[in-house]
Amino acid sequence: MAEVSESAVSSPKRERKRRARFDWAGLRADLRAAVPDASLALVITGLIYWLLYVRVENGSSATIKIMPMLADADKFWMYWMCQAFGWSAMLWAYITVVFGLMRSGPRPRWGWLPAARLEKWHRTTSLTTIGLMFMHAFFFFTDQIRDNRESWSFGRSVWTAFVDSFVPGGYATGTGRVAILVGLLALYLAIPLGLAFYLRHRTGPRMWLAVHRFVIVVYILSAWHTLLYSSQAWYDGPFRTFLWLTQIPIAGLLLWRLLSPARSGERLRLGESSRRDRALPISARLAGRIVVGATLLGLVAVVVTGIDGGRSPEGGSSPPPWPEKWVLWLGLLLFTLAVVAVVIRLRPRGNAGTRKPAQDEEPAATSPADRS
């Protein structure tokens, strides 16, 4: 009887300890599961690099029209590797957003694509995306060192390159002073929002689900960075229009997910009474659907009209970077306040994670480590 009593006492302690820590076991399991996915991403990156290299060599690269000094593909290989990782990161961000929206919205009826598989693919591709985004910034950093060495000492070159590449707002010239800030905000928001899943035992499933929804902002910033700064899509034309066109399925899936969410507690019922434990009030959820619908119509208008913010290849002065950096910092402040408000609204009461889920709430998905 003493052994049974000791076990009964120690079991709640072990459970509280498990819920209080970061889910390293789940992260390791997902990292192992992401190896094939990341390997494929590296192969795709290599193919993109080869394509960029060939286009430089045969003179068809759109980048060379803007920066003819980069025509030596062997000398500037780090710049082209930066570009290759940027495009593969954008592709993987697109894929992981599609998986996430399919997982949390109306689910396909295909038997070979259950919710658990969609969720696993969403987690692994998210980890791969973060890695690709970092490598994109890292090769920009190394190329900046090479460029700086022509004027400064090695130490100053490294420090200046670090500030330009990894410090938000550090890059101070041209379109990059806005575009690189946007890209770094995407990278630095992707890490906590993407890894919040592994803190769900501490925060509780409702808070994790609510915070994770903000990750769509990372994709928006990534696409914005690409359209602002990609030298391959600098000028208006078919390729830039194609990039805008590819955003329509994402906006459509997001609208579909908002109108018909998989979790019944997220469905918009205009006649329902207010509930304190909802992440957002009815007015905010309705406004979100209206904004996404308007965005979808705007994307269609951009593609149809061809007015997409690109520069004219015929020459002339380029439009100044927009918005100013203070607008981005203000936007980040408002975004942070919104996340904090949701966290406060849904903070666990009592022991984290011990609350019984509401009837209309779908339990948070678990990692392989949780299921073992």
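The values are calculated or read from the model by the stated rules, or taken from the named source; none is laboratory data. The structure displayed is predicted, hence computed values, not measured ones. All Cβ positions, even for glycine, are placed from backbone atoms using ideal geometry, and neighbour counts span all protein chains on display. To get the accessible areas, we keep the full protein, side chains included, count just its heavy atoms, and leave off ligands, DNA and RNA. Shrake-Rupley method; radii C 1.70, N 1.55, O 1.52, S 1.80 Å.
Annotations for the structure displayed:
- Per residue, the convex hull around the alpha carbon atoms of the range 131-193 comes to 78 Å³.
- Backbone amide hydrogens, once placed in the peptide plane, bring R311 within less than 5 Å of Y235, D236, excluding anything fewer than 5 places away on its chain.
- In the complete set of protein chains, residue-level accessible area for V98 is approximately 30 Å², probe 1.4 angstrom.
- Charge tally in the Cβ shell below 13 Å around R311, where Lys, Arg are +1 and Asp, Glu are -1, R311 excluded: -1
- The distance between label points at I307 and Y235 comes to 2.2 nm (points 7 Å beyond Cα on the Cα→Cβ vector).
- At an R0 of 30 angstrom, the distance between the Cβ atoms of A341 and L31 translates into a FRET efficiency of 0.40.
- Using C-alpha pairs under 8 Å with a sequence gap of at least 6, the mean separation divided by the residue count of the range 129-216 gives a relative contact order of 20 percent.
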